[in-house]
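Have a look at the structure below, then the notes.
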Amino acid sequence: MSALLTLSDAQLAELRARLDRLADGAPGGALLSVTLDLGEGCRDWLHRQPKTREFCYWARPDAGLHRLGLGRAVVCTSAGPARFTALQAAHAGIAADWRHDAGGSAHAPVACLGFAFDDSPRVLPGRQAGSRRERPWDAAEAPREQGGELPNAQLGVAAVLLTTAGGRGSATFTTPARDCAGAVERWRRLLAAQPAAPLPAPGTPPAGALAARAWNARVERALAAIAAGELDKVVLSRSLRLPLAGRLAPAALLARLVAQHPESTVFAIGGEQAVFLGATPEQLVGLRSGEARADALAGTAWDDEPLAIDKNAHEQALVVDAIRAALAPLCATLALPPAPRVLELRGLRHLWTPIVGRVRPGIGLFDLVARLHPTPAVGGWPGEAARDWLRRHGERRPGWYAGGIGWIDRRGDGEVAVALRCGLLTARHIELSAGAGIVAGSRAEHEFRETEAKLGTMLGALAADDGQARTGT
């Protein structure tokens, strides 16, 4: 049987013995994690496609960090205005009795988290909206979700977590104490994989004239609202749906993104019906040992387009001021450079202001997320007025586009990236999303070209020849 990682009989016996010691005296709800150190080496874990349909991926290629989570030991979902409070409470409950046998490894277990742009519930068949904690389930028993939808907000701990960090590999195996019986065999099954397959070429994008006309009309409505004083900025998005000639292996597409965008955060969250994946340049917020870091990223240029123009400077100033105002009540100190820097990416440039603060006692990652999301870079300004305008004008954002995806460890340290340059992959098509900020002075044609340039991140990875990005809608 092909596997992402093959465990010897001795390693399986070691896992059973260490798990038994960890479970001794543990309450049924305790979470138990055992880590195997795999020695030196750097792997992105994408050489084969996992057989399990439930997985998550997080990589910072330029930092040598790669995480692949398989299955889930526990998952909590939420929706509505208190969704971050609910996930914070769920994390506190999990972390309160999360036992870890590190086995000499420096790698710690983490939970994966993610959320949609807005807080509207996405009710699954036979379920009620709201916060819930679920028992683990095997891939063969996975519940089906309608339309490939992700939950509105989710926090989950993978049953198996393969990690490369600091030049070493590890495998962390997790189970609730109540489900220890058979855990080692479940872990072994989750490591099953399929051989890597070539990427099928996506279908030809439909003609762009109609999309451009619809975009122009939306931009004109946004500019009218800005001129009337309703808004200073609103971010409009558009989607491009491509049919697929064959089933696309997410691991192959992720490997392309890792190779083409090493300076970005490459991510994926997979379920029964769909996989949401991409390569984002933007961190919403990170928290480590009491220090918070956030990216203010706005203003875009590509090819020979100038970056230092008034429109971009105005967009960037709105984002910087909003993030500074959001963090100020939560931080004892804040520091940021006097002027934006330039973030150079493959084919794109952005104005970038890193903001660093020392959080006040009792402030956690979910507090920071709740204050910051959505920034004016993905929603608009003023925030509530922009979100209301988008709702009234039928803005649709597939998957977790313009929401967030990230991780958090037992201590509460973690990182959340803004889910940009991404796509929602199903069996028959992939739907890509991109947006542009509309302010006074914006030109619809220019903003349309900006979305084309941003779509190029995913189109370039999908291109059969692994060459330059294709554009067009």
Residue within region 396-408 that is at pLDDT below 95, out of contact with any Cys (no Cβ under 6 Å at 6 or more places or on another chain) and closer than 26 Å to residue 313 by Cβ present: no
Is it the case that some residue within region 343-361 is under 30 Å from residue 274 (Cβ atoms) and polar (S, T, N, Q)? no
Of the residues 283, 316, only one is buried (at least 18 other Cβ atoms within 10 Å of the Cβ) and either out of contact with any strand residue (DSSP E or B) (no Cβ under 6 Å at 6 or more places or on another chain) or at pLDDT 95 or above (or both); which? 283
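Let's see how each residue does on (1) touching a Gly at 6+ places or on another chain (Cβ under 7 Å); (2) in contact (Cβ under 8 Å) with a residue 60 or more places away in the chain:
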position	(1), (2)
9	no, no
19	no, yes
35	yes, yes
45	no, yes
54	yes, yes
70	no, yes
74	yes, yes
For region 335-357, give me each residue that is farther than 22 Å from residue 456 by Cα, free of Cβ contacts under 8 Å to residues at least 60 places away in the same chain and surrounded by fewer than 19 Cβ atoms within 10 Å (Cβ to Cβ). 335, 336, 337, 338, 339, 341
Looking only at region 295-334, count every residue that is under 14 Å from residue 375 (Cα atoms) and either touching a residue at least 40 places away in the same chain (Cβ under 8 Å) or part of a loop (DSSP other than H, G, I, E, B) (or both) and tell me the total. 12
Hey, does region 341-360 have a residue that's farther than 11 Å from residue 296 by Cα, at pLDDT 95 or above, in contact with a Ser or Thr (Cβ under 8 Å, 6 or more places away or on another chain) and in a strand (DSSP E or B)? yes
Quick check on region 321-334: of everything there that is touching a Leu at 6+ places or on another chain (Cβ under 7 Å) and over 25 Å from residue 396 (Cα atoms), which residue is surrounded by the most Cβ atoms within 10 Å (Cβ to Cβ)? 327
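Okay, residues lined up against (1) at pLDDT below 90; (2) closer than 30 Å to residue 381 by Cβ; (3) in contact with an Asp or Glu (Cβ under 8 Å, 6 or more places away or on another chain):
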position	(1), (2), (3)
175	no, no, no
179	no, no, no
195	yes, no, no
211	yes, yes, no
216	no, yes, yes
229	no, yes, no
235	no, yes, no
241	no, yes, yes
Can you tell me how many residues in region 157-193 are on the phi > 0 side of the Ramachandran plot and surrounded by 21 or more Cβ atoms within 10 Å (Cβ to Cβ)? 0
Failed item in (1) surrounded by fewer than 20 Cβ atoms within 10 Å (Cβ to Cβ); (2) on the phi > 0 side of the Ramachandran plot, with residue 387 passing the rest: (2)
Exactly one of 36, 4, 68 is closer than 24 Å to residue 194 by Cα, over 20 Å from the mean Cα position of the chain (by Cα) and assigned by TED's automatic domain parsing to the domain that holds residue 176, and that one is 36
Can you name the strands (runs of 3 or more DSSP E) wholly within region 1-61 that have at least 1 residues being in contact with a Cys (Cβ under 9 Å, 6 or more places away or on another chain)? 31-40, 55-60
Options 404, 394: the member that is buried (at least 21 other Cβ atoms within 10 Å of the Cβ) and out of contact with any Lys or Arg (no Cβ under 8 Å at 6 or more places or on another chain): 404
Does any residue of region 362-369 turn out to be of a type in the set (A, V, I, L, M, F, W, C) and in a strand (DSSP E or B)? no
Which residue pairs have Cβ atoms closer than 8 Å, lie 6 or more positions apart in sequence or on different chains, and pair a first residue in region 109-132 that is at pLDDT below 50 with a second residue that is hydroxyl-bearing (Ser, Thr, Tyr) and crowded, with 16+ Cβ neighbours inside 10 Å? 130/78; 131/77; 131/78; 132/77; 132/78
So residue 278, is it at pLDDT 95 or above and touching a Cys at 6+ places or on another chain (Cβ under 7 Å): yes
Let me confirm something: among 461, 444, which residue is out of contact with any strand residue (DSSP E or B) (no Cβ under 6 Å at 6 or more places or on another chain), aliphatic (A, V, I, L, M) and under 21 Å from residue 265 (Cα atoms)? 461
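So which of 427, 377, 417 ends up being in contact (Cβ under 8 Å) with a residue 40 or more places away in the chain, buried (at least 24 other Cβ atoms within 10 Å of the Cβ), assigned to a loop (DSSP other than H, G, I, E, B) and in the same structural domain as residue 321 (by TED's automatic domain parsing)?
Numbers: 427 fails: buried (at least 24 other Cβ atoms within 10 Å of the Cβ); 417 fails: assigned to a loop (DSSP other than H, G, I, E, B).
On inspection, the qualifying residue turns out to be 377.
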Name, by its number, the condition in (1) assigned by TED's automatic domain parsing to the domain that holds residue 390; (2) crowded, with 24+ Cβ neighbours inside 10 Å; (3) of a type in the set (A, V, I, L, M); (4) in contact with a Cys (Cβ under 7 Å, 6 or more places away or on another chain) that does not hold for residue 222. (4)
Looking only at region 218-236, count every residue that is in a loop (DSSP other than H, G, I, E, B) and closer than 16 Å to residue 384 by Cβ and tell me the total. 4
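The values are calculated or read from the model by the stated rules, or taken from the named source; none is laboratory data. It should be emphasised that the depicted structure is a prediction, and the values quoted were computed from it without experimental measurement. Note: ideal-geometry Cβ built from the backbone for every residue, glycine included; neighbour counts use all protein chains shown.
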